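**Student:** Take a look at this one; I'll ask things after.
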């Protein structure tokens, strides 16, 4: 038996031990795993470990993310039934019963090596599953520390420790692929290579799409509010999130005023020469390189040799003027850094057209951001663009994964639908970690008359 197969064997034994646990015990499991990352001293150690070993992001923002995302998820799960009968529909003669999926293989990224695994763990155990995590190599130490905290809490409540495990070091593609093949469900977050591997593993999989969020600023927007929220989102954790804005489309009547507001929030517009040097750093072979990923703006400027382009007071994010889309305009793609491509557009029609072109290049299915006072524009984006979420007048990376002031489920994994090559278009949440059994009973028969169903068609087209 291989080491991975042994992990799965132990996970199956642990899952069998909790499969018949009542709801109260599963709720306790979820809370125990949540407190493992939320506990202040644990949270800080995890955030510090993540930044030290991955070199990505900002400690204080990871502390906030670990706490807020986990608290929000636990709020979403409070009172949710995930075992036994979860719905009675007498008018349909149906009873719905929740059943665990079994052993979950979770593929997690280096950009969120604490918060994403915690989210997956909590969703899995809330539904009576076992979970084995495959971190990125840079995220290994953070996940190992998280599992120490999880095991401490599992011991406290008398739960089997093998319910939550991880692949041993060194993390290899072969071990990850074997884990995916042997598990019952794969939940994959991270690179698109990982997502494609999950979908081709032969195991049912839920994977997420690529981010490349466009934010549209309409002439009716509150510019100061929009700039503040865009800056917050663009700089949070040095833009590790796939939900961080990458392109900003500003309508011409407010373009100059919006740039001034962004500069007040710490943004700096680079000239053509500095933009070229930055492009050489970030896209040396035409593809995104890791040098600037999740680094602070001053550090990126230093690496690119453009420190002189920053104002005396420094900058928290960099802006480049852009007009084109596609490989010859790499700033039109995802950047995973506090760098924002800014486009001037004539009107909302052009904004919609350009956004669609950007998503045809990268980011189709994920989300679009809108700052506007016109509710019809949000509806138009939802009807016309290939996106699963339209985020209105919010800091996008804070909002798209659920927030306490919107109704989206708390999650760090965004399904992008068939547009993004995914099997779902929701925020990944507890329902994705359940099977549902339905009992069907006889109800009074009602066979509709042919005319009732087809009458409108007959009247228009004949029989």
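Rule-based calculations on the coordinates, nothing more; no lab input. Note that the structure is predicted; figures quoted are calculated from it, not measured. Here Cβ is always computed from backbone atoms with ideal geometry, including for glycine, and neighbour counts include all displayed protein chains.
**Student:** Report relative contact order for region 56-141 in percent, whole number only (criteria: Cα-Cα under 8 Å, sequence separation at least 6).
**Tutor:** Here the relative contact order equals 29 percent.
**Student:** Then there's this: Please state the shape class of region 222-327: rounded when a/c is under 1.5, otherwise prolate if a/b exceeds b/c and oblate if not, all from the C-alpha gyration tensor.
**Tutor:** rounded
**Student:** Continuing with this model, one more query. For the chain, what is the calculated [θ] at 222 nm in deg cm²/dmol (nearest 500), taking -39500 (n - 2.57) for each run of four or more DSSP H residues and dividing by its residue count?
**Tutor:** -13000 deg cm²/dmol
**Student:** Let me ask something else. Would you work out the relative contact order for region 213-409, in percent, from Cα pairs under 8 angstrom that are 6 or more residues apart?
**Tutor:** With pairs under 8 Å counted, the relative contact order is 30 percent.
**Student:** Something else: Using DSSP, restrict attention to beta bridges with both residues in region 213-409 and report what percent are antiparallel, rounded to the nearest 5.
**Tutor:** Counting only bridges with both partners in region 213-409, antiparallel ones make up about 5 percent.
**Student:** For a test of the definition: using alpha carbon positions, the gyration tensor, and the 1.5 limit on a/c, classify the chain as rounded, prolate or oblate.
**Tutor:** Since a/c reaches 1.5 but b/c is at least a/b, the shape of the chain is classed as oblate.
**Student:** To the nearest Å, what is the center-to-center distance of region 1-59 and region 122-169, using C-alpha atoms only?
**Tutor:** 3 Å
**Student:** Another question, then. With each pseudo-label sitting 7 Å past Cα toward Cβ, what's the residue 360-residue 443 distance in nm, one decimal?
**Tutor:** Inter-label distance under the simple model: 4.5 nm.
**Student:** According to a simple spin-label model (label point 7 Å from Cα along Cα-to-Cβ), what is the distance in nm between residue 228 and residue 196?
**Tutor:** Inter-label distance under the simple model: 4.3 nm.
**Student:** Calculate, in nm to one decimal, what residue 220 and residue 41 gain on full extension: separation in residues at 0.36 nm each, minus their alpha carbon distance.
**Tutor:** Stretched fully, the residue 220-residue 41 segment lengthens by 60.0 nm.
**Student:** For residue 60 paired with residue 95, estimate the spin-label separation in nm (one decimal), with each label point 7 Å from Cα along the Cα-to-Cβ line.
**Tutor:** In this crude label model, residue 60 to residue 95 measures out at 5.5 nm.
**Student:** Find the centroid of the Cα atoms in region 246-305 and in region 347-411, then give the distance between the two in whole Å.
**Tutor:** With region 246-305 and region 347-411 each reduced to a Cα centre, they are spaced 22 Å.
**Student:** Normalised by the number of residues in the chain, what is the relative contact order in percent for Cα pairs under 8 Å and 6+ residues apart?
**Tutor:** Reported as a whole number, the value is 18 percent.
**Student:** If you take every DSSP beta bridge whose two residues both sit in the chain, what share of them, in percent to the nearest 5, is antiparallel?
**Tutor:** 25 percent
**Student:** Kindly state, to the nearest 0.05, the FRET efficiency for residue 379 paired with residue 155, given R0 = 41 Å and r defined as their beta-carbon distance.
**Tutor:** Rounded to the nearest 0.05, the efficiency is 0.20.
**Student:** Mind giving me the FRET efficiency for residue 350 and residue 285? R0 is 45 Å, r the Cβ-Cβ distance, nearest 0.05 is fine.
**Tutor:** For residue 350 and residue 285, the calculated efficiency is 0.90.
**Student:** Can you give the FRET efficiency to the nearest 0.05 for residue 463 and residue 423, using r as the Cβ-Cβ distance and R₀ = 60 Å?
**Tutor:** 0.90
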